[in-house]
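Worksheet: the structure to be examined is printed underneath.
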Amino acid sequence: MPLHDKFGRPITDLRLSITDRCNYKCVYCRTGNEGALYGDLAFDDYLRMVRVLVGMGITKIRLTGGEPLLRKGVVEFVRELAKLKAQGLKPHSKDGASGAAEAAPFQIGEGQKKRVTRRSAPRNDNDFGGARDVPLTDFGADPLDIALTTNGHVLAQLARPLRDAGLTRVTVSMDAVDPDRFARITRVPGGFDHVLAGIRAARRVGLWPLKVNCVLMRGFNEDQIIPFGMFAREEGVIVRFIEFMPLEEDRVWSPATVVTLDEILARMAEYRPLVEIPHGRSETARRYRFDDGIGEIGIIAPVSHPFCGHCSRIRITSDGKIRTCLFSVWDHDLYAVMRRGASDEELAEFMRSVVQKKEERHHIGEPDFVPASRTMVHIGG
Ligand code: SF4
């Protein structure tokens with residue numbers, strides 16, 4: 001049976017942290033005093049976890065951290081992941097939206113077509129919609145969609161080997177296009193040029209789509225909105241602004257620090273009009289193109305425009321714990337089950353039981369909001 005949570009959401013996206021070490025100390029993420037807390041597992045352990053999950057319908061894998069490119073052997077690990085094939089089925093996508101997350105992957109006989117009752121288009125991001133039929137086709141030998149999120153500091157050297165190993169696309173975290181401001185935010189001098197070189201190398205070798213994520217924090221970098229719009233057009237990358245979330249080490253988050261989607265759109269419109277682009281329901285970003293067609297931006301707005309209704313994600317931390325939601329207060333120790341000698345079927349059963357505990361949504365800004373049990377650097381984006 002494919003992985004679904006109790007709200008009927010297909011779980012097809014895995015975010016796998018391969019280390020909680022990082023060479024940057026970004027102010028919205030780390031205090032700068034703490035190092036890694038949880039440690040890493042052997043790549044073979046991650047590979048087994050991923051292989052079992054792919055058999056249950058995971059079609060997208062994003063490698064995260066800390067900083068994943070600090071792990072020696074990451075290129076070989078990508079090569080091993082690229083040998084895995086997506087299982088089961090995917091829908092005929094009518095509107096060209098990515099839509100993989102809407103798939104209901106099963107094992108079916110060769111040549112059989114299966115019709116699955118599927119959810120109708122939700123009225124909004126928190127409406128789970130009603131049932132309807134969706135024609136499906138076999139994934140056949142589709143490769144997995146393997147992505148990676150990095151701070152880009154060592155990407156220039158690794159872009160080509162990662163591409164050749166089978167990496168599909170890369171997202172670079174970058175919170176200012178002004179080198180001094182960049183150094184102030186990352187608390188690492190001279191990083192800007194490294195990251196820019198990494199972005200250009202990734203583009204040269206064809207890691208696409210190439211996204212640049214900028215976490216906006218009021219009082220730190222909201223004046224970077226228009227410069228990033230220009231950067232997207234000049235560098236030919238997709239810049240995505242992210243609303244600041246309460247996942248930082250020193251708990252400085254408050255609603256006042258959030259630069260919201262509406263503010264970002266209003267500010268960017270002062271520079272150039274934007275046209276919204278349709279996006280897949282499980283995609284986290286709202287997408288916009290500039291009116292002349294040159295350059296695209298995205299906005300990930302979990303605070304002002306939550307998108308939990310179509311969440312298709314689970315995470316595995318660098319020390320082998322499953323997290324069902326970024327804001328979960330629970331860790332489910334998959335690695336411990338593995339170490340006790342569980343078979344692949346027993347691992348699959350454990351994963352299935354954990355996914356049934358997936359939270360409906362986050363409660364940021366609500367009276368009953370409880371901070372996540374881990375901070376972002378120890379979860380992995
Ligand atoms: S907050 Fe949790 S449920 Fe909502 S989109 Fe993020 S991971 Fe999914």
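Restricting to region 342-359, and then to whatever is among the charged types (D, E, K, R) and within 19 Å of I379 (Cα to Cα), can you tell me which residue is nearest to the ligand (Cβ to nearest atom)? It would help to see each step written out before you state the result.
Just the residues of region 342-359 that are among the charged types (D, E, K, R), to begin with: 344-346, 349, 352, 357-359.
After this cut, where a residue has to be within 19 Å of I379 (Cα to Cα) as well, the list is 357-359.
Details: K357: 12, K358: 7, E359: 6 Å.
Once the filter is applied, the top-ranked residue is E359.
Among the strands (runs of 3 or more DSSP E) confined wholly to region 134-220, which include 3 or more residues that are among the hydrophobic types (A, V, I, L, M, F, W, C)? Don't jump to the end; show me each part of the working.
Numbers: elements: 145-150, 169-173, 210-216.
The strands (runs of 3 or more DSSP E) meeting that bar are 145-150, 210-216.
Given the condition surrounded by fewer than 18 Cβ atoms within 10 Å (Cβ to Cβ), of a type in the set (G, A, S) and at pLDDT 95 or above, answer yes or no: does some residue in region 323-334 qualify?
The answer is no, given that none of the residues of region 323-334 is surrounded by fewer than 18 Cβ atoms within 10 Å (Cβ to Cβ), of a type in the set (G, A, S) and at pLDDT 95 or above.
Go through region 326-341 and report how many residues are within 15 Å of the ligand (Cβ to nearest atom), touching a helix residue (DSSP H, G or I) at 6+ places or on another chain (Cβ under 8 Å) and without any contact (Cβ under 8 Å) to a residue 60 or more places away in the chain. Talk me through it step by step, then tell me what you get.
Keep residues of region 326-341 that are within 15 Å of the ligand (Cβ to nearest atom), which gives 326-332.
Keeping just the survivors that are touching a helix residue (DSSP H, G or I) at 6+ places or on another chain (Cβ under 8 Å) gives 326, 332.
Add one more test, that the residue is without any contact (Cβ under 8 Å) to a residue 60 or more places away in the chain, and what stays is 332.
Residues meeting the conditions: 1.
If I ask for residues that are part of a strand (DSSP E or B), β-branched (V, I, T) and within 13 Å of the ligand (Cβ to nearest atom), which ones from region 292-315 would you list? Break it down into steps so the answer makes sense when it comes.
Of all residues in region 292-315, those part of a strand (DSSP E or B) come to 296-300, 313-315.
Retained after the next criterion (residues that are β-branched (V, I, T)): 297, 299-300, 314.
If the condition is that a residue be part of a strand (DSSP E or B), β-branched (V, I, T) and within 13 Å of the ligand (Cβ to nearest atom), then I300, I314 are the ones that fit.
When region 279-291 is examined, which residues are found to be within 14 Å of the ligand (Cβ to nearest atom) and not in a loop (DSSP other than H, G, I, E, B)?
Within region 279-291, R286 is the sole residue that qualifies.
Given (1) without any contact (Cβ under 8 Å) to a residue 60 or more places away in the chain; (2) surrounded by 22 or more Cβ atoms within 10 Å (Cβ to Cβ), where does E243 come up short, assuming only one miss?
So E243 meets the others, but not (1).
For region 255-275, indicate whether the set of residues that are among the aliphatic types (A, V, I, L, M), more than 11 Å from the ligand (Cβ to nearest atom) and either within 14 Å of the chain's Cα centre (by Cα) or in a loop (DSSP other than H, G, I, E, B) (or both) is non-empty. Break it down stepwise before answering.
Quick first cut of region 255-275, residues among the aliphatic types (A, V, I, L, M) only: 256, 258-259, 261, 264-266, 268-269, 274-275.
Filter again for more than 11 Å from the ligand (Cβ to nearest atom), leaving 256, 258-259, 261, 264-266, 268-269, 274-275.
The next check asks that each one be either within 14 Å of the chain's Cα centre (by Cα) or in a loop (DSSP other than H, G, I, E, B) (or both); those that pass are 259.
So far as region 255-275 goes, yes, one or more of its residues are among the aliphatic types (A, V, I, L, M), more than 11 Å from the ligand (Cβ to nearest atom) and either within 14 Å of the chain's Cα centre (by Cα) or in a loop (DSSP other than H, G, I, E, B) (or both).
Looking at I199, is it open to solvent by less than 60 Å² (accessible area, probe 1.4 Å), in contact with an Asp or Glu (Cβ under 7 Å, 6 or more places away or on another chain) and without any contact (Cβ under 8 Å) to a residue 60 or more places away in the chain?
Values: open to solvent by less than 60 Å² (accessible area, probe 1.4 Å): yes; in contact with an Asp or Glu (Cβ under 7 Å, 6 or more places away or on another chain): yes; without any contact (Cβ under 8 Å) to a residue 60 or more places away in the chain: yes.
Yes, satisfied.
Given the options V212, V188, name the one that is hydrophobic (A, V, I, L, M, F, W, C), within 17 Å of the chain's Cα centre (by Cα) and under 26 Å from L158 (Cβ atoms). So that I can check it myself, show each step before the final result.
Working: V188 fails: within 17 Å of the chain's Cα centre (by Cα).
V212 is the lone residue from the list that is hydrophobic (A, V, I, L, M, F, W, C), within 17 Å of the chain's Cα centre (by Cα) and under 26 Å from L158 (Cβ atoms).
Only one of (1) open to solvent by 40 Å² or more (accessible area, probe 1.4 Å); (2) in contact with a Ser or Thr (Cβ under 8 Å, 6 or more places away or on another chain); (3) under 16 Å from I322 (Cα atoms) is not met by K25, so which one is it?
Among (1) open to solvent by 40 Å² or more (accessible area, probe 1.4 Å); (2) in contact with a Ser or Thr (Cβ under 8 Å, 6 or more places away or on another chain); (3) under 16 Å from I322 (Cα atoms), K25 violates only (3).
From the list P179, P189, P161, P143, which one is at pLDDT below 95 and in contact with a helix residue (DSSP H, G or I) (Cβ under 7 Å, 6 or more places away or on another chain)? Steps first, answer last, please.
Numbers: P179 fails: at pLDDT below 95; P161 fails: at pLDDT below 95; P143 fails: in contact with a helix residue (DSSP H, G or I) (Cβ under 7 Å, 6 or more places away or on another chain).
None of the other options fit; the residue is P189.
The values are calculated or read from the model by the stated rules, or taken from the named source; none is laboratory data. Since the structure is predicted, the reported quantities are computational estimates derived from the model, not experimental observations. Please note: Cβ atoms are built from the backbone with ideal geometry, for glycine as well, and neighbour counts cover all protein chains shown. Calculation scope for accessible area: heavy atoms of the full protein, side chains included, ligands and nucleic acids excluded. Shrake-Rupley method; radii C 1.70, N 1.55, O 1.52, S 1.80 Å.
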